[in-house]
Amino acid sequence: MLESGGFESRQRVLVGEPVVEASEAGARTLGVTYWQAVDRFTRGCVRASWTGGGGKLKLIGGATLLTFGPPELSFDGGLVKCRHAIQGGLLALRAGGSVTLAQRPQGVQQELSVTVEGYLPRLAARAGAPPWTGMLYAKGQSPFHAAVSRRYFGLLLRSHDS
Amino acid sequence: MKVTVFGATGVVGQALVPLLAEHELTAVSRSTRDEPGARYVVADAASGEGVAAALEGADVVYYLVHSLGARDFEEQDRAAAETVSHEAANAGVKQIVYLGGLGADGPDASPHLRSRRETGERLASAGVPVTTLRAAMIVGKGSAAFETILGLVKRLPVMVTPSWVSTPTQPIALDDVARYLAGVCGNEATYGEGYDAGGPEVMTYRQMIERIAALLGRNPAIVEVPVLTPYLSSLWLNLVTPVSASVARPLVEGLRNPTIAREERIRKLLPLELTPFDEAARRALA
C-alpha cells in the first residue's frame, strides 16, 4: 500500500523467448489475452465489454465492477505494453491508477508482467483503520487478481506454443 | 506464371481473379462457367474429380474452398485439402496460397476455426510450400459473416444478443484480402509462412453492429444476455437472417474467441493502405 492510499501489485514470469511481437498487434494481444483470462477464470461470470471509449468489467447480471479507459498500446525496443487507466466501478474507491500488461527483455530472457499501480480499491482497509476492515480485499480480491494473472500467463504461453 | 484458383466463383475468389490477370489463370469451380479473363474448368476438391487436370502445369495454387454448412464439414475440408495437396505435389506446384482464419491457432478454437487450421496443415502434408493468410470477418457482399450481421441489423429494431457481441475482432475489407492474396503470389519469401491479415481497426461485434446500423440509418437497441447458447443463436439467426443455421452455428461458436492479428508481418511485406471499416461496409451495402 502506498502513502497515497493507492495499491500496487506486480506479478511476473520469466520465459525463454518473446511471446508477442514488438508491434501494436503484439501489445494489443497482451491486453486481449488478459481480458480473456478474466473470462476464463470466472467461467464467464465476469466479462470485459468494450466500446470505443473504453471497457467495463461486468459481473453476470450487469453490475460494473471496474471501468477502464481504452488500451494505450506501445512498443519501444524490446518493451511491449498495453496500459488501461482505471476509471471507476464498484471495486474502485475513485478513478485513478492503471493496469499494465507488459513484455520486456530481462537479460537473455523475457519478462511477462501484470502491474497494477495507484489503484484505490473500495474493499481495502483505509489508512489508519484496523486491518480486519480490509479482509475482503486481502482474502478475496487480491488473491483473485493473482489467480487471473496466473491464468493470463498460461494463456499467453499456450497461444504462443500453438 | 501459371496460376490455378480453387473456389474461383466464391466471394473471395471473384475478388481475387481480376487481380491475377497478368498470369495464365485457371479458375476452378464445381459448375461450368465461361467468363473472360480466365480459363474456367470444372473440378471438385471434395471428390477429387477433375483436380489433377486443373492443376496440370500450375506454378501457384490458391485454395479458397470450404464446406461450411455441411454436417461433416470438418471431415470434408480435411479430405479435400489432402486431395489438392497430393495432386499439387504430383503436378510440381511451387506454392499453395491458403486463406485461413484468425484465432484458429488458439488452444480452445471452435470446430470451424480448428477446421481452418487443420485444412492448412493438410494442404502442407505433401510437401508443397503453403503460404497462409489468416483473416477474421471479411467485409464484402456475400461474405456469410457479414451477411449475418447485416441481416440482424436490417430486420431487428431490438436485438437480444449473447455475450459474444463483446468479443474483439479485426474485420478486413474483401478488396484488401484479395490484394494480400494476390501480393504473395510466387513470392518465395512467403513460402511456408503464415501471416495474420487484420483490418485497420479492432472492434467488438457490438460496435460493428452499431456502425453498420448507423450506415443504414438505424439505431437498434442491443440487450446482452449471458445464457444464449451457440445452438439457440444459430436457430435464431436462421429465422431472422438469410444465413442457414448450419452455416451460422459454426460461425457463432467461433465468435467466442478474439479474432485479432497477433503480428503485423504482412503489413511490412505488402504495405497496402487498408480500407477503413465504414468504407468497406459502404461498398458491401452498395
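Looking only at segment B:149-165, residues that are open to solvent by less than 20 Å² (accessible area, probe 1.4 Å), out of contact with any helix residue (DSSP H, G or I) (no Cβ under 6 Å at 6 or more places or on another chain) and not hydrophobic (A, V, I, L, M, F, W, C) come to 2 in all. When the strands (runs of 3 or more DSSP E) confined to segment A:32-83 are screened for residues that are open to solvent by 60 Å² or more (accessible area, probe 1.4 Å) and within 20 Å of B:GLN207 (Cα to Cα), those reaching at least 1 such residues are found at A:46-51, A:54-59, A:72-76.
Elements of the type helices (runs of 4 or more DSSP H) sitting completely within segment B:126-226 and holding at least 1 residues that are within 20 Å of B:GLY13 (Cβ to Cβ): these cover B:144-155, B:174-183.
Can you tell me which residue among A:ALA92, A:ALA27 is free of Cβ contacts under 8 Å to residues at least 60 places away in the same chain and touching a Cys at 6+ places or on another chain (Cβ under 6 Å)? Give the steps one after another, and end with the answer.
Numbers: A:ALA92 fails: touching a Cys at 6+ places or on another chain (Cβ under 6 Å).
Among A:ALA92, A:ALA27, only A:ALA27 is free of Cβ contacts under 8 Å to residues at least 60 places away in the same chain and touching a Cys at 6+ places or on another chain (Cβ under 6 Å).
Selection over segment B:12-30 of residues that are closer than 23 Å to B:THR119 by Cα and either of a type outside the set (A, V, I, L, M) or open to solvent by 50 Å² or more (accessible area, probe 1.4 Å) (or both) gives a count of 5.
Provide a single number: the residues in segment A:84-123 that are at positive phi and assigned to a strand (DSSP E or B).
The total comes to 2.
The values are calculated or read from the model by the stated rules, or taken from the named source; none is laboratory data. All values reported here derive from a predicted model rather than from experimental measurement. When we count neighbours, we look across all protein chains shown, and the Cβ atoms used for this are built from the backbone with ideal geometry, even at glycine. SASA here: full protein model, heavy atoms, side chains in, ligands and nucleic acids out. Shrake-Rupley method; radii C 1.70, N 1.55, O 1.52, S 1.80 Å.
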